[in-house]
1. Carbon-plus-sulfur fraction of the accessible area of segment 59-198, 1.4 Å probe, in percent?
2. Quote the relative contact order of the chain in percent (integer), defining contacts as alpha-carbon pairs under 8 Å separated by 6+ residues.
3. Within the chain, how many lysine pairs that are 8 or more places apart, or on different chains, have C-alpha atoms less than 20 Å apart?
4. How much net charge surrounds TRP140 when only other residues with a Cβ under 15 Å from its Cβ are counted (Lys, Arg +1; Asp, Glu -1)?
5. So what is the accessible area of the chain per residue, in Å², with the probe set to 1.4 Å?
6. Name the long-range amide H neighbours of PHE153: under 5 Å, sequence gap of 5 or more, or other chain; modelled H, no Pro or chain starts.
7. How big is the convex hull of the Cα atoms of segment 62-183, per residue, in Å³?
8. With each run of n ≥ 4 DSSP H residues scored as -39500 (n - 2.57), what mean residue ellipticity at 222 nm is computed for the chain after dividing by its residue count and rounding to the nearest 500 deg cm²/dmol?
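The values are calculated or read from the model by the stated rules, or taken from the named source; none is laboratory data. Predicted, not measured: the structure shown is a model, and the values here were computed from it. A quick note on method: Cβ atoms are made from the backbone with ideal geometry, for glycine too, and the neighbour counts reach across all protein chains shown. SASA here: full protein model, heavy atoms, side chains in, ligands and nucleic acids out. Shrake-Rupley method; radii C 1.70, N 1.55, O 1.52, S 1.80 Å.
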Amino acid sequence: MPPTKKKPQVTAAPARRSELLGTAAEVFAEQGYNATTVRKIADHAGMLAGSLYYHFDSKESMLEEILRTFLDELWDGYDAVLDAGLGPRETLQALVTESFREIDRHRPAVAIYQKESKQLVAQERFAFLAESQRRFEKAWLSTLERGVAERAFRADLDVRLTYRFVRDTVWVAASWYRPGGQHSPEEIARQYLSMVLDGIAVRE
């Protein structure tokens, strides 16, 4: 009979599990999901590939947990902003700031999401990515539309084009941002917003 694959130990120490997921995220982000094997992750973690199966049953499980953790934290922050009753300008500022904070906390996961999500959404276990994308677009578009309606943003603003510009220019920061650098995520957000808002806000 073929050997039975060892099942993951659900009682694995949370700190060790988190450490292994952090290592896996770095390898996925650097080498790409398809090119990454369990052996490569184990090598970077300083353990045997078989030992990794005591914590996770597959690299798919690791990737799913990495992305779910990132998106759960992102939406905790976004929902707090959206439920705060702020004006559209303040909501936009808070969403941008929260985005840079998530890049600081989960830079490898953001990089994975950007590179791999279009391919992954076709798989049933990653269907949650498409739902998150729909929520993301709705949150940003509704904020911009409200800003135009309340005359906080210019009346001639192309809302969808602005959304795409803001989305892409914020999240591409994951390709160059490094935690612990010269600027905090809040400072980067402030500098970014000073450029964007001068372009879309109503001039008094």
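1. Numbers: 3610 of 7290 Å².
Carbon with sulfur: 50 percent of the solvent-accessible area.
2. Details: 167 pairs, mean separation 46.3, N = 204.
Value for the chain: 23 percent.
3. Close lysine pairs found across the chain: 11.
4. So the environment of TRP140 carries a net charge of 0.
5. Details: 11540 Å² over 204 residues.
For the chain, the solvent-accessible area averages 57 Å² per residue.
6. Placed amide hydrogens put VAL148, VAL202 under 5 Å from PHE153.
7. 111
8. My calculation for the chain gives -22000 deg cm²/dmol from helical runs alone.
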